[in-house]
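Nothing in this text is a laboratory measurement; each read-out follows from the coordinates by a stated rule. The structure displayed is predicted, hence computed values, not measured ones. Here Cβ is always computed from backbone atoms with ideal geometry, including for glycine, and neighbour counts include all displayed protein chains.
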Amino acid sequence: MSTTTPSTAEGAPARGLKPNALGTSDLVFIVVAAAAPLMVMVGVAPLAIMIGGIGAPAAYVFAGVTLAIFAVGFTTMSRHLDNAGAFYSYIAVGLGRTAGVIAALVALVSYNALQIGVYGLAGVAIQGTFAEVFGIDAPWWVYAIGCILIVWYVGFRTVDFGAKFLAILLTAETALLLILAVAVVVQGGSSEGLGLDSFAPSNMFVSPMTVILPTAFAAFMGFEATVIYRSETRNPRRTIPRATYVAVAVLAGTYAFIVWAIVQAFGASGAVGAATETGVGMFFVAGETYVGSWFTTAMHLLIATSVVASLVAFHNAVTRYAVAISEEGLLPRALANTHSRTRSPYVAGAAQTMLALVIVAGFAVAKADPYSQLLIWVNTPGIFGILLLQVAAAISVVVFFRRRGTSEKVWSTVVAPIMSAVLMIVACVLAARNISFLTGTTGLVNQVLLLTIPVTCVIGFAWALWLRRNRRDVFDSVAAACETAQVS
């Protein structure tokens, strides 16, 4: 079922999501904003350097190359399917409707986990910004709730308004990172001078790198959202592949260059010590040294906006997944309703906003830590869920093209998908083995977090069986709008 059904009566309000609203640059801004580059760099890169050493920039290159290889099959398949369900639709077409139902539930849980967990980070980041810059001190949850309302409002507006909003915020945060990196390069780095030691095999192929590799993959989360906006994109068969490759390239290039530059700021011999001693303050110290005191204030402000941009991008992805799934009957069809004026999925947006409010309020009432518990505990299952969906989607590409026959290249339909599936399975295994690094805790909490997605899969399987026996019409509608692909 299309999400862009036109009005049948002249003068009546249009229905469905707004068609032809987004171009390549809009999709790139949406995807890159979801990754929150400034927050990833300031909040995670120092930890990656501390654990992985000066070879940390290479981890982002490896993750970027892997996801670019994945994008080959993913975008090739996108040209053959007309559906905005992204992972779950692709998996249904390739691996069958039962797998599609499981994937739909995993996607909903994962994207909501990634989005809602970030409200903890938003609360902490904005609390620190207001205290440092304006001298205002309020509880973290006040700022988190404020962010929820802002995200709801931007999501309620037209999708092109949201894209412009994200473009402004993303341009500002990326410019700040580049100012610092360029300043380091222009001034020649530390007393050791500039060097490429970060990419020397002796620094890249060391065991600590396997610990930080999952965090490098996590820094790209949301890049596949280009497909979710299919019904709102101009010329999607060309725009979606182009935007996907550009987004992955921009993220990989930015991350690798910025982390390399911050290593140069302290020198190959001093970077690890600086990361260990200063932690998230590493970028602030470098900024004051190479740019000036104004940089600290600007960074505090833009970290806050970076998190908001990420929240908006993930909120939009969640609501569009909900629309696609609801149109096929897996969720109440009311969630697929769009506003007559803005053409936004306002019902799904309101539902996702209420879920966020309930969870944030629950953590606040429980006096839980917004960073180590709301962010880390809620985000972690989402990371595993997305990695699992990417593996299943890659396998689906191979099965899909083998079943239907194609003139597409073997590289696009077999080699690249299999390569990316293997590499992402490795990343998933490494993430599971090093989950204590991700969560900062041990024992029962980690076991629960590791079991969340497998349990979700079991529930999804039971749901699929129930639908097949009791609601065959709904079961048969899964991915039914995907051209003439055969599903079972």
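Expressed in nm to one decimal, what extension gain is obtained for the pair Gln447 and Arg433 from 0.36 nm per residue of sequence separation less their Cα-Cα distance?
The Gln447-Arg433 span can extend by a further 3.9 nm.
Relative contact order for the chain: 35 percent, from Cα pairs under 8 Å spaced at least 6 residues apart, divided by residue count. Principal-axis analysis of the Cα atoms of the chain puts helix 294-327 at an angle of about 10° to the longest axis. FRET efficiency for the pair Glu132 and Ser191, taken as 1/(1 + (r/R0)^6) with r the Cβ-Cβ distance and R0 = 41 Å, rounds to 0.85.
Which shape class, rounded, prolate or oblate, goes with region 322-440 when its Cα gyration tensor gives a ≥ b ≥ c as root eigenvalues, a/c under 1.5 marks rounded, and past that a/b bigger than b/c marks prolate?
Details: a/c = 3.70, a/b = 1.24, b/c = 2.99.
Because a/c hits 1.5 or more and a/b fails to exceed b/c, region 322-440 counts as oblate.
Using the Stokes-Einstein relation with a Kirkwood hydrodynamic radius computed over Cα pairs, the translational diffusion coefficient of region 271-369 at 4 °C and a viscosity of 1.567 mPa s comes to 76 µm²/s.
Let a ≥ b ≥ c be the square roots of the eigenvalues of the Cα gyration tensor of the chain; is it rounded (a/c under 1.5), or, if not, prolate (a/b larger than b/c) or oblate? Since a/c reaches 1.5 and a/b is larger than b/c, the shape of the chain is classed as prolate.
The trypsin sites (Lys or Arg not before Pro) of region 434-476 that meet both conditions, a loop assignment by DSSP and at most 13 other Cβ atoms within 10 Å of the site Cβ, are Arg471. With the charge dipole of region 24-477 set up from +1 on Lys and Arg Cβ and -1 on Asp and Glu Cβ about the Cα centre, the Cα lying farthest toward the positive end among the listed residues Ala392, Val358, Ser310 is that of Ala392. Between Ile168 and Ser269, the simple label model (points 7 Å from Cα in the Cβ direction) yields a spacing of 4.8 nm. Neighbour counting of Cβ atoms within 10 Å sorts the residues Ser396, Ser436, fewest neighbours leading, into Ser436, Ser396. Which of the three applies to region 155-235, rounded, prolate or oblate, going by the alpha-carbon gyration tensor with a ≥ b ≥ c and a/c under 1.5 meaning rounded? Judged from the Cα gyration tensor, region 155-235 comes out oblate (a/c at least 1.5, b/c at or above a/b). The long axis of helix 208-218 is offset from the longest Cα principal axis of the chain by roughly 50 degrees. With the highest mean first, a sort of the peptides 33-40, 235-242, 95-102 on other beta-carbon atoms found within 10 angstrom per residue produces 33-40, 95-102, 235-242.
From its DSSP helices (H runs of at least four residues, each -39,500 (n - 2.57)), the chain gives a residue-normalised ellipticity at 222 nm of -23500 deg cm²/dmol.
Identify the GluC sites (Glu not before Pro) of region 126-225 meeting these criteria: DSSP loop state and at most 15 other C-beta atoms within 10 Å of the C-beta. Can you show the working numbers first?
Working: sites: Glu132, Glu173, Glu192, Glu224; in loops: Glu192, Glu224.
Sparse-neighbourhood loop GluC sites (Glu not before Pro): Glu192.
Relative to the current alpha-carbon distance between Arg333 and Leu355, full extension at 0.36 nm per residue lengthens the span by 6.1 nm.
Counting other Cβ atoms within 10 Å, keep those with at most 12, restrict to DSSP loop, and tell me which trypsin sites (Lys or Arg not before Pro) in region 282-357 are left. Present the calculation step by step, with values, prior to reporting the outcome.
Numbers: sites: Arg320, Arg333, Arg341, Arg343; in loops: Arg341, Arg343.
Hits after loop and neighbour filter: Arg341.
Counting Lys and Arg as +1 and Asp and Glu as -1 over every other residue whose Cβ lies under 12 Å from the Cβ of Phe156, the net charge comes to +3. Put a plus charge on the Cβ of each Lys and Arg, a minus charge on the Cβ of each Asp and Glu, and nothing anywhere else: the dipole of the chain about its Cα centre is then about 1660 debye. As a proxy for reagent exposure, ranking Asp369, Asp197 by other Cβ atoms within 10 Å from fewest up yields Asp369, Asp197.
Using Cα pairs under 8 angstrom and six or more residues apart, how large is the relative contact order of region 389-488, in percent?
Numbers: 36 pairs, mean separation 24.9, N = 100.
Answer for region 389-488 is 25 percent.
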